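Notes follow once the structure below has been shown.
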Amino acid sequence: MQGQCLVACSPPRFSSPLGPHKGKGLSPLHRVFNSPNNQFMNVDQVESLSLPALESLLDDTYDKDDNFMVFSPMKLTGGGEVSTDCYNTLTAVPELLECLTMPNSTRFCAQDQANSVQGSSQMSQESGIYQVGTIATQPLSQQLQQERQQEQEQHLAPRIPPARIQKQQQQQQLHQQNQLQNMHNTLMLPILASEEEQDSGLQLVHLLLACAEAVSKEDYMLARKYLHHLNRVVSPLGDSMQRVAACFTEALSARLAATLTNKPSTSNLKRFNPIPPNNLEILKIYQILYQACPYIKFAHFTANQAIFEAFEAEERVHIIDLDILQGYQWPAFMQALAARPGGAPFLRITGVGPSPESVRETGRCLTELAHSLHVPFEFHPVGEELEDLKPHMFNRRVGEALAVNSVNRLHRVPGNCLGNLLAMIRDQAPNIVTIVEQEASHNGPYFLGRFLEALHYYSAIFDSLDATFPPDSAQRAKVEQHIFAPEIRNIVAQEGPERSMRHERLEKWRKVMEGKGFQGVPLSSNAVTQSKILLGLYSCDGYRLTEDKGCLLLGWQDRSILAASAWRC
């Protein structure tokens, strides 16, 4: 069984809305966080951000009547300057031409020297590009003779009034400027488009961080000023930078509104659950995310492989799923048990969830599936929150091999209850405990640090969604607005018990688990192979798989998103 890989027992290859534009390079948002000018994106220094230039930016953005005006140049905290104005490149274009390699360079020197004018340039109406005349190579005496001849012709020419000369010079200068501007538009437009795109992203990040800093310092008038400007420039329908900025702007607005009114928002009146069990529309959107991106499948398959290997040769096995949801994790696991040499063991699943009705419905579906696969099966529903669990609810039986599974759930357990929950799990003496959590630090003591960490984390997720779904995808918009936007709002807008999205990094979970008497179990090579096969099913090439001391991390580009680990007593 150690040599068996569960992905071979998973359902057939799924369809994914991937097109030829997928697997692209860094999106505008990802380039913002990796820009060499982005010196302020240091989490360790975020609590002492200094962004005074943004105050002058906002002062210059509105006139006395609060009308929107053009951006003024914005100084970056790490040096440099960002401006949305189109700078004057007319004087820089000749220097650019000197080092610019044109595609048809032979056309610059193949002209008959007899018909070319020394140092001249003319516009080719056929090609629309500049043709620079050949530099003369005549002897110096010939050049002097030509200069004397030109001087004599000028002396013989009729005298022109000074006013007319000045007018002609102005017209000639204007004509040259127009020609240079046309050349600038032709040659520089792709470069400027990329720079302006990145500059716009940098400005959005600066504004978001400045607004968050104002909120953390309780400078609410300045924060409202930043929010007023952000609401003018962000859009939930733009690129990934615009969309994630819109989510964080809305979250900052909610935090500021709750602070100023001193009243909790309506979302505070009940416990936050990112996947409400009784909301069919949200469950459909969750299924879209499950099918389109590898994040949830990675969590399920990696945990299943560790449990499958821990149950080798066991005849009665019991899994406690701390967040059963719709039970998407277990069909592939049942298929693997059904294919086990010698037949499937007796399988019992205890499903935990906040809604008893939803948990029972999930159990009914899993029971039907197990019957069709000829897997002896029993389902035990527990409709409780994790902090309210009691040992007898696990219904532990003698002679059963036990696994406890938690996918993206432990971070929502309040800190004063987490220790008791883990101690209770340890007392059940499980063969293995599998944990998958978001690889992010959203539980720090300082708001500004959490804000920056969340901005970086969800930026990577929005980038991956941008590369996965077609442009203007309605499904992507639903996933962002109904799955991730509420998480962002909870992290940014809420405090106290209402802030339940308290993600921690893998290193922190190591300390927590070891502190409760658990030891790490390295994930096997089969788990690594399985994850690589899974990522191979997706056309996007931005997903990254890394190993860390026996754990597996799935990320997008250079940012880890999920961390999977296994433990035993």
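What follows draws every value from the coordinates through simple rules; no lab data is involved. The structure presented is a predicted model; accordingly, all values stated were derived computationally and were not measured. Here the Cβ positions follow ideal geometry from the backbone for every residue, glycine too, while neighbour counts run over all protein chains shown.
In summary, Leu448 fulfils each of the numbered conditions (1) over 23 Å from Ile288 (Cβ atoms); (2) touching a Phe, Trp or Tyr at 6+ places or on another chain (Cβ under 8 Å); (3) in a helix (DSSP H, G or I) with the single exception of condition (2).
Taking the listed residues Val404, Val398, Val375, the one that is among the aliphatic types (A, V, I, L, M) and touching a residue at least 60 places away in the same chain (Cβ under 8 Å) is Val404, with no other qualifying.
Scanning segment 317-350 for residues that are within 30 Å of the chain's Cα centre (by Cα) and either crowded, with 22+ Cβ neighbours inside 10 Å or assigned to a loop (DSSP other than H, G, I, E, B) (or both) turns up Asp321, Leu322, Asp323, Ile324, Leu325, Gln326, Gly327, Tyr328, Gln329, Trp330. Considering segment 476-569, there are no qualifying helices (runs of 4 or more DSSP H) wholly inside with 2 or more residues that are at positive phi, β-branched (Val, Ile, Thr) and surrounded by fewer than 17 Cβ atoms within 10 Å (Cβ to Cβ).
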